[in-house]
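Have a look at the structure below, then the notes.
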Amino acid sequence: MAWDPVDAARAQLARLRRTLRSIDVRDAKVATGAACVGLGLGMLMAGARDRRALRRLTAVVKTAEAEADAARRTAARDVAEAKRFGAQKVAASFFGVADSLALARQSSADTAAYDALDAQLHAALAANNVTPFAPEPGDAFDPATMEALRALSPPSGPPVVAEVLQRGYTMHDRVVRAAAVVTRDAEESSSSS
């Protein structure tokens, strides 16, 4: 069987893809460049008789370079996201504490200690770009930021918030925990007013 430069280039590209999965993404361009040099030398050794094969080989190499660049950009984006939202799991572990504080404050006659502790907890969360939000009763229900735990009436139109059960939290404009709400029909709230 005769040596085919296109098959050799495809085999080299497959080896390059396997190698790229196991090395640091910053080295991807170097590895791609080395593969290009190796493929080019292979073509020179073959005499480069077939220009169409050379064009196909060039397309394969360009594809490999584009894949390496895409992998580098994806890795850089993932690292940036990990840095930006790294504290999300830690912050989420404090939401239950914040909810318990709010319930304790409601059931206690002396709320000063609870208010101070709540302020301190939310200051620590704010230092990590975590901010609480609570929709107001009568606000339109937003499924992107709210979770309806119960509906007071069957929906016949757009639902609105009837009661807020738990505050929601955002981190860098991303909802970390949706606000838990009770909904009612919007027309029911306008007719009862």
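Taking label points 7 Å from Cα along the Cα-to-Cβ direction, ASN128 and LEU165 give a separation of 2.5 nm. Net length available on complete extension from ALA71 to ARG150 is 24.0 nm, with 0.36 nm assigned per residue and the Cα-Cα distance removed. From most to least packed by mean Cβ count within 10 Å, the peptides 110-116, 65-71 give 65-71, 110-116. Each label was represented as a point 7 Å from its Cα along the Cα-to-Cβ direction; for VAL90 and GLN106 these points are 3.0 nm apart.
Any read-out appearing in this document is the output of simple, stated calculations on the displayed coordinates, not a laboratory observation. Everything numeric in this text was worked out from a predicted model, so none of it was measured. Cβ atoms come from the backbone with ideal geometry, glycine included; neighbour counts cover every protein chain shown.
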